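Structure first, then comments.
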Amino acid sequence: MSDDSERVWDLMERFPVCTLSIWDGVELRSRPMAAFVRRRNDAIYFLADATCFTDAALRAHPGVSLTFADPASDQIVSIAGIAQASADPLVIRELWATSARQQWDSPSHPDIRMLRIMPQHADLWEGAAKSVRRVILAMRPAGRPADSGTKAPR
């Protein structure tokens, strides 16, 4: 992994919340989301409501954008990636956190989905000069199947 790739993962791990943007076939939708960055899985995970992020929309339009930002340190990371949704209760329970309790009573709520984002590339802005660097993050070889969700991310 290149130094720039390591830097992108380091910054994403520092920022607990990011903006997730998806195209649902009609409009571009963006929401602040609690991110679970899992470098060793080459993925970023979210718990999302199925009524907002429908399985059908994500299958039809899997391309997403994530933006992690820390204005105080002049650092911004924008990620382009591919999303997959799962209702696997083991994965959802593994990701269950305080932030999820604000929206659902329990990890067994039928509307909870785990979104798995596989980053393809990142744009990284750092410092007052705000010069941008493109960083390729496509970690998985083409054609390699993604996790089925049966193994909980750590």
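For this structure, a couple of remarks:
- Considering (1) in contact with a helix residue (DSSP H, G or I) (Cβ under 7 Å, 6 or more places away or on another chain); (2) over 11 Å from Ile117 (Cβ atoms), the lone condition that Tyr45 does not fulfil carries the number (2).
- A Cβ distance below 9 Å, combined with a sequence gap of six or more or placement on separate chains, defines the contacts here; from the stretch 28-53, residues that are within 14 Å of Glu94 (Cα to Cα) and basic (Lys, Arg) reach residues that are at pLDDT below 95 and surrounded by fewer than 16 Cβ atoms within 10 Å (Cβ to Cβ) in the pairs Arg38/Arg154.
- Of all the numbered requirements in (1) within 12 Å of the chain's Cα centre (by Cα); (2) surrounded by fewer than 20 Cβ atoms within 10 Å (Cβ to Cβ), Glu94 misses one, and that requirement is (1).
- Filter pass, Met118 being surrounded by 12 or more Cβ atoms within 10 Å (Cβ to Cβ), at pLDDT below 70 and not basic (Lys, Arg): no
- Within the set Ser108, Ser86, Ser73, the sole residue that is buried (at least 16 other Cβ atoms within 10 Å of the Cβ), on the phi < 0 side of the Ramachandran plot and not hydrophobic (A, V, I, L, M, F, W, C) turns out to be Ser86.
- Residue selected from the stretch 6-40 under the condition over 16 Å from the mean Cα position of the chain (by Cα) and closer than 13 Å to Ala122 by Cβ, by the criterion surrounded by the most Cβ atoms within 10 Å (Cβ to Cβ): Arg7
- Positions within the stretch 82-123 being more than 21 Å from Thr67 (Cβ to Cβ), assigned to a strand (DSSP E or B) and out of contact with any Asp or Glu (no Cβ under 8 Å at 6 or more places or on another chain), in sequence order: Ser86
- When we screen Val77, Val37 for residues that are within 24 Å of Trp104 (Cα to Cα) and assigned to a strand (DSSP E or B), the only hit is Val37.
The values are calculated or read from the model by the stated rules, or taken from the named source; none is laboratory data. The shown structure was predicted, so the numbers you read here are calculated from the model rather than taken from an experiment. Because the Cβ atoms are built from the backbone with ideal geometry, glycine has one as well, and the counts that use them run over all protein chains shown.
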